[in-house]
Amino acid sequence: MALRIPAPSRSDLLIGAAVAAVGILEAFTSATSYGAAQNPELWWIPQALIAGGLLCFMRGAPVLVFLGTVLLQFLWHRQGYEACQVHQLIALLIGFHGLGARLSFRRGGPWAGGGILIFDVGAVDMRVLPFPEAIYLTVMFGFAYLTGVTVRAWLVRAQRAAKEAALAEVERERRAAEAVAAERSRIARELHDVVAHSVSMMVMQAAGLRRAQGGENPVLTGIEQAGRDAVNELRVMLGALRMPQDEALPQPGLDMVRNLISTVGNTPLRVTLTVAGEPVRLAPGLDLSAYRIVQEALTNAVKYAGEADVQIKITYHPLSVTLEVTDNGNAAGADGLSTGNGLIGMRERAELFGGTLDAGPREEGGFRVCAVLPTSPGVVLV
């Protein structure tokens, strides 16, 4: 399995460039103070560039960077130099810090402890270190590692707090939505139990009185018809109250089907729209449900038909409107429509207004959805 190292971040690139710059400056200005024969020592420049280049990958590979900085220090002392260059010391401190900041204590702690140990025993410096110097290195490198651990702990807490806040916000919104839905359901029940029942009783009493008077009283006939229309409208309102809340807001209707077709322009579908008959103004709830049925049928075609021709036909009749969406693609079975706002949702919308819905594969291939919705109050097709 290949080792994947993420690309350097901007901050790591800046740190690496700064360390390399310090090393190059040392090569030109203070080479003799480290025991070099002359000033400058140009061959020190590649060492500085390597040290800075290693630090550029601290975010993605902290262990490799740490081992690289220790190895560079070891090679430096193998050349006979006793003192550690400033840029090398900075690179070592960043290496220890990176172990704590990028890795968990279980993963980074052994590397940091092992690094401190090999410095204390003189394995890197190629000499036996005095006890005070070993203590100094332990404290210095240990402090660098612990600052990294502290930074990591703070970041972990901050990320956990942000995640918990996001989850709390989602939960708050969910509970608010549930509370709204519960209130809408309560209102629907009260309308059904009180208003609808009372209006139905008024219709029955008006019908009884009309029949008792011979059945030809136009006033009572009007009251009876108005009551039946009110009951039908209440039934539609109750169904709308039980729909998702966003659908209670102003929504599109059949006049927006052409805009709906434009939203699938980047799909393999070739969609055509045909409108037959004399268009009539539909009730808002009916218009919305008709639009949603066409929308769901078109969505189903996008999901399952593949590259296909889709025909949407809206036919207005004197008492009803027919919505037919057919395609010649890969037929999706009814099971593919039976979840979410699929076949069940379309059928419920149709039946809410006394309509019918038929959906299924076509014999010649493809899929067909056909809904018939009454456009006049009191007309029931089911």
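The values are calculated or read from the model by the stated rules, or taken from the named source; none is laboratory data. Please read these numbers as outputs of a predicted model, since none were measured by experiment. In this analysis, Cβ positions are derived from the backbone assuming ideal geometry, glycine residues included, and neighbour counts consider all displayed protein chains. Remember, those area values only see protein heavy atoms, side chains included, never the ligands or the DNA or RNA. Shrake-Rupley method; radii C 1.70, N 1.55, O 1.52, S 1.80 Å.
Does GLY306 fit the bill of being on the phi > 0 side of the Ramachandran plot and either modelled with pLDDT under 85 or open to solvent by less than 20 Å² (accessible area, probe 1.4 Å) (or both)?
Yes.
Considering VAL149, VAL139, VAL156, which residue is without any contact (Cβ under 8 Å) to a residue 60 or more places away in the chain, surrounded by 15 or more Cβ atoms within 10 Å (Cβ to Cβ) and either in a helix (DSSP H, G or I) or within 41 Å of the chain's Cα centre (by Cα) (or both)?
VAL149
Report, by residue number, each residue of the stretch 114-132 that is open to solvent by less than 60 Å² (accessible area, probe 1.4 Å) and assigned to a helix (DSSP H, G or I).
GLY114, GLY115, ILE116, PHE119, ASP120
Please determine, by comparing only the residues of the stretch 210-225 that are open to solvent by less than 60 Å² (accessible area, probe 1.4 Å) and assigned to a helix (DSSP H, G or I), which one is farthest from SER376 (Cα to Cα).
Among residues in the stretch 210-225 that are open to solvent by less than 60 Å² (accessible area, probe 1.4 Å) and assigned to a helix (DSSP H, G or I), the one farthest from SER376 (Cα to Cα) is ARG210.
Report, ordered by the first and then the second residue, all pairs with beta carbons closer than 6 Å, sequence separation of six or more or different chains, a first member in the stretch 99-111 that is closer than 15 Å to GLY142 by Cβ, and a second member that is among the aliphatic types (A, V, I, L, M) and open to solvent by less than 20 Å² (accessible area, probe 1.4 Å).
Every condition considered, the pairs that remain are LEU99/ALA112; GLY108/LEU99; TRP111/LEU99.
Of all residues in the stretch 75-113, count the ones that are farther than 19 Å from ILE24 by Cα and open to solvent by less than 30 Å² (accessible area, probe 1.4 Å).
Residues that pass the stated criteria total 10.
Out of the residues in the stretch 34-46 that are assigned to a helix (DSSP H, G or I) and either farther than 14 Å from ALA83 by Cβ or modelled with pLDDT of 85 or more (or both), state the one that is least open to solvent (accessible area, probe 1.4 Å).
So, considering only residues that are assigned to a helix (DSSP H, G or I) and either farther than 14 Å from ALA83 by Cβ or modelled with pLDDT of 85 or more (or both), the one least open to solvent (accessible area, probe 1.4 Å) is TRP44.
Can you name the residue in the stretch 247-282 that is hydrophobic (A, V, I, L, M, F, W, C), open to solvent by 50 Å² or more (accessible area, probe 1.4 Å) and over 32 Å from the mean Cα position of the chain (by Cα) and, of all such residues, is modelled with the highest pLDDT?
VAL275
Can you tell me which residues in the stretch 47-74 are surrounded by 20 or more Cβ atoms within 10 Å (Cβ to Cβ) and either charged (D, E, K, R) or farther than 23 Å from GLY142 by Cα (or both)?
The answer is GLN47, ALA48.
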